[in-house]
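Below you'll find the structure, written out as structure tokens, and then a few comments.
The values are calculated or read from the model by the stated rules, or taken from the named source; none is laboratory data. Just so we're clear, the structure is a prediction, and the values are computed from it rather than from any experiment. Reconstructed Cβ throughout: ideal geometry from the backbone, glycine too, with neighbour counts over all protein chains shown. With ligands, DNA and RNA removed, areas are computed over all heavy atoms of the protein, side chains included. Shrake-Rupley method; radii C 1.70, N 1.55, O 1.52, S 1.80 Å.
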Amino acid sequence: MRHALSRAPASAAALAAVMLSAAWPAPAVAASDPIALPLVRSSLAADEPCAAASAQVAEVEPWPVRALGLARARRLSEGSGVTVAVVDTGVGAGIPALAGRVRHIGPADQDCVGHGSFAAGLIAGAPLPGVGTVGVAPAARLLAVRGTDERGVATPESLAGAIRTAADEGAGVVYVASALATGAGVLTDAVAYAARKDALVVAPFAPDLPPEPGGASPAAQPWYWPAAAPHALSVMDYGPGGGRPERAPTAVGADLAAPGDTVVGPGPRGAGHYLGSGSSLAAAHVAGAAALVRSRHPELTADQVRDRLIMSGYPDTTPRLDPYAALTAVPTGRAAPGPSPEPARVPDPAPAAPRQRALVVAAAGGGLVLLVAAAAVVVPRGRARGWRPPGRDPEPSPGPDRD
């Protein structure tokens, strides 16, 4: 299915947002010569043909490249030394932007749907001459693990098995494209297993909106899995204008927001590009950013990388991904190291017995002083009164006899 950009559905409505070169939140700027791009799908019906190679190449830099400040972030890290697992519909072989950096598990080298190839390009697509689109972590390695059937349908068991396989194979970041309303127990266990293996699971907080005009939105649910599991990083999408598409599925508990509406990525084969929208694609951008951080800061655990991405996000109701800030943020809650002062020397406490003797001597001395002072007042007065009690006058002395 092919669509001219001017006839894109509501989830990809802005004609030139695909080629937007200004950073968010500036409004989309129309391209003077719009091209036609096929729309990437997350699943296919049983009677639909597999996604074909696209004949169109996006030569102009897409808007997420500027919105995420990728050129600045890649001066510090390109994700080298980190493996990102793509748990999706597979990753096609022979995609130029991914050449030499994809290892496939089982049938994951075949991508009939095309979604896994698209997401892999957003995560780690390398820059190519004459191509505007590029992945967040172009030096990262990819591990393709199919988490769906050939037509893109996932179950809790298929996703959980793929997450465990990715963790066992040494992935430092596990991108999961699906958001399921069921399977809380099995998917929570799988995410916990990955966390014990020090792998960060990144997943969309809600399913994608079907790309066809008039397509039914998935039934609203408060939580989707595996994004809602502890240790997982739950991601929401936003578009070039800062908002989300009309009728886009919602849920609660998104940890981070990233570009996900009207984004450009590779097809399942060849050098051409597709157009896509949805939280699953926003999660791909975050998975790439996690690879940047894990490459630059290998001492951090998966949970610490998750926290760093959230805490360094651009402030909003849901923080917005900022790869450069995540790479350069100084952790809070712990003072910077400095010179250690010499320990204070506290004198030993004085013995109790001498102190008691001193108190007795002081009390006795004080009493003696009081006695002397009292005597200095009482003795002269006593002598003057002839030592008579107060209140009694002296008896008159007998005078000389008078005859």
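For region 66-185, count all C-alpha to C-alpha pairs, find those more than 19 Å apart, and express that count as a whole percent of the total.
Here the tail beyond 19 Å accounts for 45 percent of pairs.
Assuming a ≥ b ≥ c are the square roots of the Cα gyration tensor eigenvalues, decide whether region 116-238 counts as rounded (a/c under 1.5), prolate (otherwise, with a/b larger than b/c) or oblate.
oblate
How big is the shadow of the Cα convex hull of region 185-315, averaged over all directions, in nm²?
Convex hull of Cα atoms, orientation-averaged projection: 9.5 nm².
Rounded to a whole number, what % of the accessible area of region 137-259 do carbon and sulfur atoms account for, probe 1.4 Å? If you can, show how the numbers build up before the last one.
Values: 2310 of 4270 Å².
Carbon and sulfur atoms account for 54 percent of the accessible area of region 137-259.
How much of the calculated P(r) for region 224-294 lies past 21 Å, in percent of all Cα pairs?
Roughly 30 percent, once rounded to a whole number.
With r as the distance between the Cβ atoms of THR250 and ASP316 and R0 = 22 Å, compute the FRET efficiency 1/(1 + (r/R0)^6) and round to 0.05.
E(calc), rounded to 0.05, equals 0.90.
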